[in-house]
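Just below is one structure, and these are the notes that go with it.
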Amino acid sequence: QLGKGVAYVRFNHADCVDEVLALPEEKLTLADRPIRVQRCKTVPYSTSVHKASAAASSSSPHHGPETSTRRPTKQSGGKTKVPPGPKDERKLAKANDPERAARRLEKKKRVKLEKLRMANKPDKTHPRTPKDRGPKNTKSGMKKIRKRRFPSLNTGYIFADNAGGSQCLKDVADRIYDYLINTNVQLGADYSVSVEATKRATVEPQEAAAMLINASSSQEISFGSSSTMLVENLARAIEADVRPGEELVVSFADHEGELLLRHSISGHKSIACISTNIGPWVCLAARLGARVVPWCPKPVSSDSNNPFDVGLKLEDLDDLITKDTRIVAFTACSNILGTWVDVKHAISRVRSICQAKGARKVETTQVLYAREASLNNSVTSLAHYFLKTLKLQPGGPGYEVTYGTTGVLPYLLDIGRSGINPVGHQPDIELLKMTFDKFANHEERLMEPLIRFLLSKWDSGVRIVGPASSSKSIRAPTISFVVVGDDGRSKRLQSKAVVAEFDKLGNVGIRYGHFYSHRLFGFLGMDPEDGVVRISLVHYNTVEEVERIIDVLNVVIGS
C-alpha cells in the first residue's frame, strides 16, 4: 500500500529534467501506479554555482572537513535557521552551526536528566513494601540497617550531604520522645521522676560518650550546643594561662565558622568571637597579643598535575613549633579535602619537638571523628578533643537531646555483634572496633566507583580537591571536586550549576560552597563563594546510590 507523497529529485544537469519530462506517461509508473512529474517552480540553488563548487572541491588539494557555503540566519527568538537548499548542504550547514550544536547538546542533557529523574522518582501511588525498600547491598548488610534503623532512608531519597549532618537513628528519636513524655521535669529533686530525669541527663549520656571515644572517665565528658561553641569555650577557659608573645600553631585546612563582632565600649574596642577550629585561636591571639602560626596544606606529590591535591604534612611541624609554642590545634579530617591526619604520630611529634625545643607548656586540641577516637588509644594523650554527634539547638544542649545520644552506642555495638559468632564475652571496645572496621570497609567500597569516575573525567576538566585515592587509610568518604577549563584553574562549570542539576531532580541531596573553610580556599586560589561540589557519604549509603549519582554527573559534566 502506497500513500500520497511528494519527492524532489536533483539531477546533475538541467537537460536531464527535460529528458524526464519528455518520457511517455506509461513509462512514468511506480508499482503500476502513474507518477505525475513536473518541473520545480523554484530553483533552490544555482546549478552553475553547484558545478563550480563541485569542480573546486574535486580539484582542490585540501582534504579537511567539508564546509557549506550556506550560512544560518538569525530568526526571532535568537534561534538560527538554515536557508532552503539541497539536503546534503543543509545538513552540512547545520553541523557547522555552533549555536545549534550547543542547543541540541543542552536539549539532550535535559532529556537524559529528566529520564534519570523519572527513573529514580518514588512511586507514591504504590507504597514500597519492606522487600523493595532501598537499594540492595547484601554484602555489608546495609539493607537491613536502612530498613530498621534509619526510617528517613526508606523514601528512596539519596542523602549525600552527610558531612553537614547525617540522618537520625530511630532509637535516638525514640529516646528524645520518651524523655519529653515521661521525664520532662526539673533536675535535682528527690521525687522519683526527677531522679530518673537527672540520671538520664547527667549520667547515662556521659558514660556512653566515654565508651564511644575511649575516655578514661565519664568525668572528662562535657556536652555543648555545638563543637563551634565548645572550642570557643575552651579558648576562653585557658585564656588566663596564655602569655603575650606565645604562639598558637593552627591548621589552615579546617572549618572555621567565624563570626567576628566588633563594637566600642567607652572608647575601647572589644572583640567577641563565635567560631570553631581556627576562629577561636585567632581571636584568642588577638585578645592577648599572642601569634597565630599557620599550618598550611601543601601539595601531596610533586608529580601531580592537580594543583588541588594538597594536604597537611606532619614534617612541617618541625619548623612551625618553637620554644614559644603554647597550643597546637588541628582536625582529624578536613571537611573539604577529606584527608585523614595521623593523630597518633601527630601527637607524638608535637610532644617530642616541644620537649626538644624547651616549650613552657603545650596543649593539643582536635576535632575528632568517632572512629578515630575509639580506635586510637593515643587520643587520651590529647589535652582536649571534640566529637560531633548531633546538631543540637543553638541555646544549649536540651536534656532530651543529651539523653537521645545514648541511643548511638547500642546501635554501634549491635553492628559489631552482627555477622559474627563470638567465643565468650566480647568487650564493648572490641565490638566498637569491629563496627568501625565494617564502616570503613563499606565506605571504601562507596568511594571506589566515584573516585574512579571523577578521575576518568580529567580531560573534561574534573579535578578532585584533596587526594585522588579511595583508600580508607588515606581519606574519608567526603569527596570534593571542581570542573576547570583549559588553564587547569579557572572553572569551566560553576559548582553551583552542577549542584543545581541535582536539585532539579529532587531526589538527591549534595551541596556546593566553601563549608566555612575560607582560609583553605584562599590558599588554593579559589572563589570561596562558588567553592567546590561536595559529595559526602557514610555507612548507610549504598553502591547503587553512588552509581545513580555518577549517572547524573556524567550527563552534567559531559565529555
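Heavy-atom accessible surface of the range 497-542, averaged per residue, reaches 34 Å², computed with a 1.4 Å probe.
May I ask for the net charge around Arg463, where only other residues with Cβ less than 11 Å from the Cβ of Arg463 are counted and Lys, Arg are +1 while Asp, Glu are -1?
Values: positive: Lys457, Arg489, Lys491, Arg492; negative: Asp309.
Cβ neighbours under 11 Å give a net charge of +3.
Loop-located trypsin sites (Lys or Arg not before Pro) in the range 168-208 (DSSP state other than H, G, I, E, B) with a sparse environment of at most 15 neighbouring Cβ atoms within 10 Å are absent. When the alpha carbon gyration tensor of the range 494-541 is reduced to an equivalent ellipsoid, the three semi-axes, largest first, read 22, 14, 6 Å.
Round to a whole number: what % of the accessible area of the range 141-226 belongs to carbon and sulfur, probe 1.4 Å?
On the way: 2250 of 4430 Å².
Using a 1.4 Å probe with all protein chains present, the range 141-226 comes out at 51 percent carbon and sulfur.
The range 447-477 and the range 490-559 have Cα centres lying 13 Å from one another.
Of Arg548, Arg452, Arg349, which has the most accessible area with a 1.4 Å probe, and how do the rest follow in descending order?
Numbers: Arg548 50, Arg452 150, Arg349 75 Å².
Descending accessible area places them as Arg452, Arg349, Arg548.
With a 1.4 Å probe rolled over the protein heavy atoms of all chains, the accessible area of Ile550, Ile278 falls in the order Ile550, Ile278, largest first. Computed over protein heavy atoms with a 1.4 angstrom probe, the accessible surface ordering of Ser152, Ser473, largest first, is Ser473, Ser152. At the residue level, Glu363 shows approximately 20 square angstrom of accessible surface with a 1.4 angstrom probe and all protein chains present.
How much net charge surrounds Trp295 when only the other residues with a Cβ under 13 Å from the Cβ of Trp295 are counted, with Lys and Arg +1 and Asp and Glu -1? Could you put the intermediate results ahead of the total?
On the way: positive: Lys298, Lys313, Arg349, Arg519; negative: Glu247, Asp254, Glu315, Asp316, Asp318, Asp319.
Summing Lys/Arg as +1 and Asp/Glu as -1 gives -2.
The values are calculated or read from the model by the stated rules, or taken from the named source; none is laboratory data. None of the values given here were measured: they were computed from a predicted structure. In this analysis, Cβ positions are derived from the backbone assuming ideal geometry, glycine residues included, and neighbour counts consider all displayed protein chains. Heavy atoms of the whole protein, side chains included, go into the accessibility calculation; ligands, DNA and RNA do not. Shrake-Rupley method; radii C 1.70, N 1.55, O 1.52, S 1.80 Å.
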